[in-house]
Structure formats: structure tokens, C-alpha cells
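Note sheet for the following structure.
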Amino acid sequence: MKQFISVKDVVNINALVKKALDYKQQPFMDKTLGANKRIGLLFLNPSLRTRLSTQVAAQNLGMEPIVFNVDKEGWALEFTEGAIMNGTTVEHIKDAAPILGNYFDILCIRTFPSLQDKEADYSERIIKQFIKYAGIPIVSLETATLHPLQSLTDIITIKEQMELSGSFKNKKPKIVLTWAPHIKPIPQCVPNSFSEWVNAWGEADFVITHPIGYELSTEYTNGATITNDQDAALKDADFVYVKNWSSFSEYGKVLCTDAAWMLTPEKLAASNNAKVMHCLPVRRNVELSDAILDGDSSLVTKEASNRVWAAQAVLAEIASSIQ
Ligand code: CP
């Protein structure tokens, strides 16, 4: 693997999931694979899980991770070609990225969308310029449109749970992605990415449910069944993935705040004892009820813990390709 930006960089999803679950059993089995390799973790936005799990994963492989909060500690970066830099930006990506490429062996980047300019966000111009100018493997720690380490984690968590339950030997799981209320405009990257990965994995019946106006880009959802009837979607579900996102068509807008979309034990009763997932952070009793998060159906802590093994599997693949 030369980079990790989306599911398209993965040759065999099940093999990568197996590698991650092998690391969960034996975290230090490749503890010298990353010896003498430096990995830079650049954050243009806040993070708890992504930042810490990727550092732990790198250290498990013997790599030295260095974290840089560009948004707080670095110069303001300019990404526009030909910009006359007489405003707030101080350093052009064309100047900064090649230097980072010389300092590090692998560069990981976390960015968010503006949610103001759909064309700019969906062009993924920030990570694409790091790829163009850094000259070393780039790993996405979440970008404007996708969050592939989260989605790999989600497939790992679903596969792990399927193996534990033992009831999926002759049946595909029904996975439901449901929109949830939120007080702020939230990016589409997690639901885009989750949809892209579940569709590419191809081993589930996949249903997406959301209020009218919250249709995601068909680039990611093609292959899923889409409905505005949440109760119908939840019927017989094995896994329910809860997430808020802002509108794609009326870009970045909050069109619905209907609290009736929040998943509760009463709604979940129609499912097949479904396990509930969320990438975190979660706004309790807005996106998801306490009763769900603190109950037996919740996989959220296990899911967040599995971020380490997803990152370790990806970093190991990339480290092997640059030995
Ligand atoms: N799920 C996730 O990416 O969490 P952080 O924003 O804390 O990294």
C-alpha cells in the first residue's frame, strides 16, 4: 500500500481486517517493522481517538510518531495555486510539504471541510496537495469527504462481532446507517466513508435512512437501499450505525432537528437485537440516548478501541512498501 486515502487504496478488505484483528491478539508481533521510521501526524482540527490511536499503533510497530497541531502551532497554510499571499496565510503548501517529506517517512493528515464551499471540499484539494508536494506516503486521518481509518475500524468491529455471535455463518448481516439529530452542521465524511466501505466490502444488506434533504452523494451510497422511514429501516437490523450529517444538496445546512430521529431502546426493539455503533464524539441525549450508550447493545467503546488495530494494519502495510 502506497497511500491510504480511501477504500480504493485497499486491495483486499477482509485481509486488512484479519491483519488488524491479528494485531489485536498480538500488538507487538511486528515491533521492529517500523524501526528507524518517522511518522508525522499533522492535525488541522481537534481529535482524541484518531490522534492517540495512531500514535499507539505507530509505537507498536517501533515507529517514532511526531504530532504537530498545525492549526494551533504552525504557520497558516495557503493552498491556492498562484495566490498573492498578502492576507492571513503565511506559508504555501508548495513550500511546506516538501520539507515535511524530508523530515518524515510517512505523513498523516487530518483536515475538515469548510461546509461552505462544496466544490472545494469535494475536490479534496488539501490532502491532494500534500500528496503532490510531500513525495512520501500519505495517510488520511479524516479529510473533507472521507474518514477511512474510522470506516476500516467499523468493518473490523462488525466482523469481530459477527465472529463472536456465531449467527452469521449462513446469513449476511443487515447494517443500517441512520441519521441522528445534532445542534450544529456536521461533515458528511463519516457517513460517506462508511457507505463506501460497506458497499466495497459487499458482505451485508445495507440500508441508509435519513430525513428528506439529507441524501448523501451517490458516489458513496450506490448499492445501498435508501429510505426516509427509520422504523422500517430498523426492522430486523443486526447493526445500527448512528451518525449526524449536514445536508449535501443544500450544502452544510441543518434542515431537520426532529428529536424523534434519535435512536432509543423503544425504536431498537424492532431490530434483531442490533448492536449500536457511533464513531464518537457523541452528544448524549441529542444524537443518542443515555439508555443506548450505557446499555448492552452499545459497541462504541469497543469500536473506538479498535481504532488502534486499524491504524496499525494500515501503517504496517505502508511501512512494508517502503522498506
Ligand atoms: N472518531 C474520531 O475520528 O474521533 P476523533 O475526532 O476524536 O479523532
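The values are calculated or read from the model by the stated rules, or taken from the named source; none is laboratory data. This structure is a prediction, so every number in the text was calculated from the model and none was measured. Cβ placement follows ideal geometry from the backbone for every residue including glycine, while neighbour counts extend to all protein chains displayed.
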Neighbours by Cβ (under 6 Å, 6+ apart or cross-chain): first from segment 230-243, more than 18 Å from Lys159 (Cα to Cα); second in a loop (DSSP other than H, G, I, E, B) and of a type outside the set (S, T, N, Q) = Leu234/Ala270; Lys235/Ala270
Restricting attention to segment 96-117, does a residue exist that is touching a residue at least 40 places away in the same chain (Cβ under 8 Å), assigned to a helix (DSSP H, G or I) and within 23 Å of the chain's Cα centre (by Cα)?
-> no
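Okay, residues lined up against (1) at pLDDT below 95; (2) under 18 Å from Ile136 (Cα atoms); (3) of a type in the set (Lys, Arg):
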site: Lys24; (1), (2), (3): no, no, yes
site: Gly34; (1), (2), (3): no, yes, no
site: Leu42; (1), (2), (3): no, yes, no
site: Ser53; (1), (2), (3): no, no, no
site: Leu61; (1), (2), (3): no, no, no
site: Val67; (1), (2), (3): no, yes, no
Give segment 280-297 a look and list any residue that's part of a helix (DSSP H, G or I) and farther than 20 Å from Ile158 by Cβ, or say none.
-> Asp290, Ala291
Leading residue by the ranking (surrounded by the fewest Cβ atoms within 10 Å (Cβ to Cβ)) among those in segment 240-275 that are among the β-branched types (Val, Ile, Thr) and in a loop (DSSP other than H, G, I, E, B) = Thr257
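Take segment 147-180 and flag every residue that is of a type in the set (Ser, Thr, Tyr) and surrounded by fewer than 22 Cβ atoms within 10 Å (Cβ to Cβ).
Ser165, Ser167
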Restricting attention to segment 79-106, which residues are under 24 Å from Ile66 (Cα atoms) and in contact with a Lys or Arg (Cβ under 9 Å, 6 or more places away or on another chain)?
-> Phe79, Ile93, Lys94, Ala97, Tyr103, Phe104, Asp105, Ile106
Scanning segment 298-323 for residues that are outside any helix (DSSP H, G or I) and more than 16 Å from the ligand (Cβ to nearest atom), which turns out nearest to the chain's Cα centre (by Cα)?
-> Ile322
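Results for (1) among the basic types (Lys, Arg); (2) more than 25 Å from Ala260 (Cβ to Cβ); (3) more than 16 Å from the ligand (Cβ to nearest atom), shown as yes or no for each residue.
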position	(1), (2), (3)
Thr153	no, yes, no
Ile156	no, yes, no
Asn170	no, yes, yes
His182	no, no, no
Pro187	no, no, no
Asn192	no, no, no
Phe206	no, no, yes
Ile212	no, no, yes
